1. Give me a comma-separated list of calculated 3J(HN,Hα) values for region 88-97, in order, Karplus coefficients 6.51, -1.76, 1.60 applied at θ = phi - 60°, integers in Hz, x for any Gly or Pro.
2. Could you calculate the FRET efficiency of Lys145 with Asp179 from 1/(1 + (r/R0)^6), where r is the beta carbon distance between them and R0 is 30 Å, rounded to 0.05?
3. Among 209-215, 143-149, how do they line up from the highest to the lowest mean number of other beta-carbon atoms within 10 Å?
4. If the viscosity is 0.890 mPa s and the temperature 25 °C, what translational diffusion coefficient in µm²/s does Stokes-Einstein give for the chain when Rh comes from Kirkwood over Cα pairs?
5. With no solvent and one point per C-alpha, what does the Debye sum give as log10 I(q)/I(0) for region 125-210 at q = 0.13, 0.18, 0.24 Å⁻¹?
6. Under 30 Å Cα-Cα from Lys246, which lysines qualify once same-chain neighbours fewer than 8 residues away are excluded?
7. Can you tell me, using C-alpha contacts under 8 Å and at least 6 residues apart, the relative contact order of region 132-261 as a whole percent?
8. Taking the Cα centre of the chain as origin, sum charge times position over the Cβ atoms of Lys and Arg (+1) and Asp and Glu (-1), and report the length of that vector in debye to the nearest 20.
Amino acid sequence: MNRKIRVFLCWVTLMLLTVGTVYAGHLEDIAARGTIRIGTTGDYIPMSYLNPRTGAYEGIDAELSQMIADSLGVKIEYVPTSWPTLTADTLAGKFDIALCGISRNYARAKTMAMSDAYGEGAFGKTILCRKSDAKKYQSLANIDKPEVRVMINPGGTNEKFAHANLKQAKLIVHQENADIPRQVAEGNADIMITETVEAARYIELNDKLAAPLMNAPFTRHSCGILMQKGDQEFLNYINFVLAELKMDGTLAKLEKKYLYR
């Protein structure tokens, strides 16, 4: 056999074997396992929040996760992840899909697969501050000053937004996203960069906090379900579930319950 042909056949065989290994979320694998592995940070109210009192996940993504699992006839196996490790964990196949208020953006779409959007119009970057300081912070210019302490969680789009838009403010990285509102309320930071839906929930929970720019966010985006590239069949299925939930009104009810309060 010609050497070039042998090399080509070896290459084709290797590619076929490689393709077989990236189907971490393949529908048949999930059915055989009896569980769907859901990656989630559990630190993002009202998307996916691990309630320390009950030990249960709450939020719109928790309900969507259950609906996806029910449609497949399997149980959920939650796999904890974090914003700094979300991309690496997805690429490594540690879970089948990830749901935790994940912004759809070009950077993620280049290396991973993202579902169709949900929550359109509900998400945008904004700030959380103490209610007594609300009148001080009416623009990015008011925030981007050396004396202003801005607390951010690492690894996500909040950190990226802060580094891209705040050149003079003091940026403080705090590992626990769900703890940052308390840090602001208690005076350990002045500003939290967050999403409109998260800010709305925290001002309900803590009367010391305010979100003065919530109705005029700095950005607009939507969320999506994240997974590895390479399994179009599975991506099609996830998009089909979302389409069905939109069509029968279930998704609109969930969005009204959690996002448009």
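1. 4, 5, 5, 5, 7, x, 6, 8, 7, 9
2. Details: r = 24 Å, r/R0 = 0.81.
Once the sixth-power term is evaluated, E becomes 0.80.
3. Numbers: 209-215: 19.4, 143-149: 14.6.
Going from most to least packed, we get 209-215, 143-149.
4. Numbers: Rh = 19.8 Å.
Once the numbers are plugged in, D ends up at 124 µm²/s.
5. Relative scattering, expressed as log10 I(q)/I(0), comes to -0.33, -0.67, -1.27.
6. Lys75, Lys94, Lys110, Lys125, Lys229, Lys256, Lys257
7. Working: 114 pairs, mean separation 27.9, N = 130.
Computed over region 132-261, the figure is 21 percent.
8. On the way: 31 positive and 29 negative charges, 169 e Å.
With Lys and Arg at +1 and Asp and Glu at -1, about 820 debye.
FYI, it's all coordinate maths here, none of it is from the lab. Keep in mind it's a predicted model, so treat the numbers as computed, not measured. Backbone-built Cβ (ideal geometry, glycine too); neighbour counts: all protein chains shown.
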